[in-house]
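The values are calculated or read from the model by the stated rules, or taken from the named source; none is laboratory data. Everything quoted here is computed from the prediction, not taken from an experiment. Methodologically, a virtual Cβ is constructed for each residue, glycine included, from the backbone with ideal geometry; neighbour enumeration extends over all protein chains shown.
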Amino acid sequence: MTAVADHTSPAPEACALQGRSLVAGRAEGELLFAEMGLSFWGGVDPFTGEVIDRHHPLSGQNLAGRVLAIPSGRGSCTGSSVMMELLSGEYAPSALVLAEADEILTLGVLVAELLFQRSIAVLCIGHEAFTHLRGQAYARLDGDRLQLYPQSPADARPTGVASIHQQPLFASALQLSESDRALLDGRHGKAAQVAMQLVLRMAELQGASELLDVTQAHIDGCIYTGPASLRFAEQLVAWGASVRVPTTLNSISVDQRRWRALGIDATFGEPASALGDAYMAMGAQLSFTCAPYLLDSAPAEGEQIVWAESNAVVYANSVLGARTLKYPDYLDICIALTGRAPNVGCHQDEHRMASLQIELPKLVELDDAFYPVLGYHVGLLCGSRIPLIRGLEKAQPSLDDLKAFGAAFATSSAAPLFHIAGVTPEAKDPQNVIHSGQPTPTERVTLVDLHRSWDELNSAEEAEVGLIALGNPHFSLSEFARLATLCRGLSKHPDVSLVVTCGRAILEQARAAGHIAVLEAFGATLVTDTCWCMLGEPVVPTGCRTLMTNSGKYAHYAPGLVGRSVHFASLAECVDAACSGQASGRLPHWLQPASPVENPTHV
């Protein structure tokens, strides 16, 4: 899409762009522009509208009443829930302008329309036209038209969130089966009817011509982002919601069995726990893990599923070879209630191909810190493109390494899938994921590049460490085994907390294997059901100024979520710091330049 001359603007300096209206509406206001995608979860405070992603160029800015222009969202599927919370209150942007369609943020607007009768305009204008927004100060939207001004026009009348007094009649152009029509007509109840309406509306925005059956679901909307998230779930329960496929639940926002003992305030703990109960009332399993791929119910290669939670989506697509989109919160439960999903994107072979190749430098002595740094850096390079990483053919990364890579990749990227040549199932032969007959661009990563991402994840300046935060995503049994080996016979520093989050099923397996006894003797605290992206004080100690983690995902989010600076390091370095109370600041061997006498081989 390109800029076009404007001959009707009330201000001669204005220019106009045409785009695709994702959510219709009119709005105007001060333009808040950034060339970097933004994850609303962990990046925007739903109760103030402040951008809290401390790595983002808009950090500290407030969205309320402004026309927000970003290329797309990125990171967490829970961005839709944050958008809905903003719209239910007073701190939403007045409109959203995107370079590419973003399903997560758009879905949050659609649910707010349905539930709260409040909406904002969402416009997609394409990457070429998006460059024209740079340096502009004010914007007006009217349907698919966007006017830009270098300064606020004389007739400016900034708008806010629009109230919808009457929902338009719903109609779909998709080809529907008789069972689809039964759901849409309300023959299976109000909850299933509303769910099908949302599925079909998103399907049309995605350009789908048909729906497909899914075999299982993983629900991310059970994260408590505020009263709106609970109201949505309880409304579905009141309408008689019942899942039609086996459904697991993501981490909720508290350890449901121990939140009182952990010192969580009841004003947060009670609604957060009630939200988990609401989804179980719809028939979902009590799993409460952000790593559903560690459960016995993990899908097989080629299986069509609907998973939300960004790291889980990336792992399912990339490591398991299952097929899912990066589903937004609330669309996940709608598909679980109908058993039907839009047949688009990574559900289809042609949309699982690599659109970017990443070539790695020569590397030596890789440790577990390498993979999250690489995932974070590759995600920044990719944006929404699916990468093929070359250079790890001989490294043999473990499933834990791929889990850490994928979580960091999903944090900095909008892509739902990655391929690693010779490693991930669809790229065992990398030619299988390269488009024949068309060039695939290549990016070369250097040690200097990786050092830059290492520094980005290491935001702490002081050596003192008050908390070791492990388990983002949730710890696996093999991670527990390694941690127990590192901690055996040692005791943590009395001024340091070491906390591990995990799912209930893995905790019991680790206990049976003897790992938990070792960790409890060391002084570790084990927390189930929830994860670090939802935890705050007092699990994060009040007096703690600096924390350490081996999670690239949490190293990115923690400064904004809990206001602490971060040391990022390997698991072994985390244990050392837990014992000493100090971060060593050592660089890993793989990040240090090779000496002239060394001749490292390409892993």
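Taken residue by residue, segment 267-279 has at least one member that is surrounded by fewer than 16 Cβ atoms within 10 Å (Cβ to Cβ), part of a helix (DSSP H, G or I) and either of a type in the set (Ser, Thr, Tyr) or not assigned by TED's automatic domain parsing to the domain that holds residue 308 (or both).
Does segment 576-589 contain at least one residue that is more than 19 Å from the chain's Cα centre (by Cα) and on the phi > 0 side of the Ramachandran plot? For segment 576-589, residues more than 19 Å from the chain's Cα centre (by Cα) and on the phi > 0 side of the Ramachandran plot: present.
Determine whether residue 216 is surrounded by fewer than 19 Cβ atoms within 10 Å (Cβ to Cβ), among the polar types (S, T, N, Q) and over 21 Å from residue 111 (Cβ atoms). Explain how you work it out, then say what you get.
Working: surrounded by fewer than 19 Cβ atoms within 10 Å (Cβ to Cβ): no; among the polar types (S, T, N, Q): yes; over 21 Å from residue 111 (Cβ atoms): yes.
It is false that residue 216 is surrounded by fewer than 19 Cβ atoms within 10 Å (Cβ to Cβ), among the polar types (S, T, N, Q) and over 21 Å from residue 111 (Cβ atoms).
Among the conditions (1) modelled with pLDDT of 95 or more; (2) in contact with a Cys (Cβ under 9 Å, 6 or more places away or on another chain), the only one that residue 51 does not satisfy is (2).
Taking segment 334-352 as the range and being farther than 13 Å from residue 203 by Cα, touching a residue at least 40 places away in the same chain (Cβ under 8 Å) and not in a helix (DSSP H, G or I) as the test, only 339 passes.
If I ask for residues that are surrounded by fewer than 22 Cβ atoms within 10 Å (Cβ to Cβ) and not acidic (Asp, Glu), which ones from segment 134-149 would you list? First the steps, then the outcome.
Quick first cut of segment 134-149, residues surrounded by fewer than 22 Cβ atoms within 10 Å (Cβ to Cβ) only: 134-138, 142-145, 147, 149.
Answer for segment 134-149, where residues must be surrounded by fewer than 22 Cβ atoms within 10 Å (Cβ to Cβ) and not acidic (Asp, Glu): 134, 135, 136, 137, 138, 143, 145, 147, 149.
Going through (1) assigned to a helix (DSSP H, G or I); (2) crowded, with 22+ Cβ neighbours inside 10 Å; (3) of a type in the set (Val, Ile, Thr) one by one, residue 485 falls short only on (2).
Per the conditions (1) at pLDDT below 95; (2) assigned to a helix (DSSP H, G or I), the sole criterion not satisfied by residue 534 is (2). Here residue 397 passes the criteria (1) surrounded by 20 or more Cβ atoms within 10 Å (Cβ to Cβ); (2) assigned to a helix (DSSP H, G or I) except the one numbered (2).
How many residues are of a type in the set (S, T, N, Q) and not in a loop (DSSP other than H, G, I, E, B) when one looks only at segment 285-321? If you could, list the steps in order and put the result at the bottom.
Taking segment 285-321 first, the residues of a type in the set (S, T, N, Q) are 285, 287, 289, 297, 304, 310-311, 317-318.
Filter again for not in a loop (DSSP other than H, G, I, E, B), leaving 304, 310-311, 317-318.
Final tally of qualifying residues: 5.
Among the residues of segment 312-332, those identified as touching a residue at least 60 places away in the same chain (Cβ under 8 Å) and more than 15 Å from residue 403 (Cα to Cα) are 324, 325, 326, 327, 328, 329, 330, 331, 332. When we screen 402, 392, 363 for residues that are of a type outside the set (Phe, Trp, Tyr) and in a helix (DSSP H, G or I), the only hit is 402.
Regarding residue 303, is this residue touching a strand residue (DSSP E or B) at 6+ places or on another chain (Cβ under 9 Å), acidic (Asp, Glu) and surrounded by 24 or more Cβ atoms within 10 Å (Cβ to Cβ)?
Numbers: touching a strand residue (DSSP E or B) at 6+ places or on another chain (Cβ under 9 Å): yes; acidic (Asp, Glu): yes; surrounded by 24 or more Cβ atoms within 10 Å (Cβ to Cβ): no.
Considered against the rule, which asks whether it is touching a strand residue (DSSP E or B) at 6+ places or on another chain (Cβ under 9 Å), acidic (Asp, Glu) and surrounded by 24 or more Cβ atoms within 10 Å (Cβ to Cβ), residue 303 comes out as no.
Among residues belonging to segment 488-505 that are touching a strand residue (DSSP E or B) at 6+ places or on another chain (Cβ under 9 Å), touching a residue at least 60 places away in the same chain (Cβ under 8 Å) and surrounded by 15 or more Cβ atoms within 10 Å (Cβ to Cβ), point out the one that is farthest from residue 527 (Cα to Cα). Write out each step before concluding.
Taking segment 488-505 as the starting set, the residues that turn out to be touching a strand residue (DSSP E or B) at 6+ places or on another chain (Cβ under 9 Å) are 492-493, 495-504.
Then keep just the ones that are touching a residue at least 60 places away in the same chain (Cβ under 8 Å); that gives 492-493, 495-496, 498, 501-504.
So of that shortlist, the ones also surrounded by 15 or more Cβ atoms within 10 Å (Cβ to Cβ) come out as 492-493, 496, 498, 501-504.
Details: 492: 17, 493: 20, 496: 16, 498: 11, 501: 5, 502: 7, 503: 8, 504: 9 Å.
Once the filter is applied, the top-ranked residue is 493.
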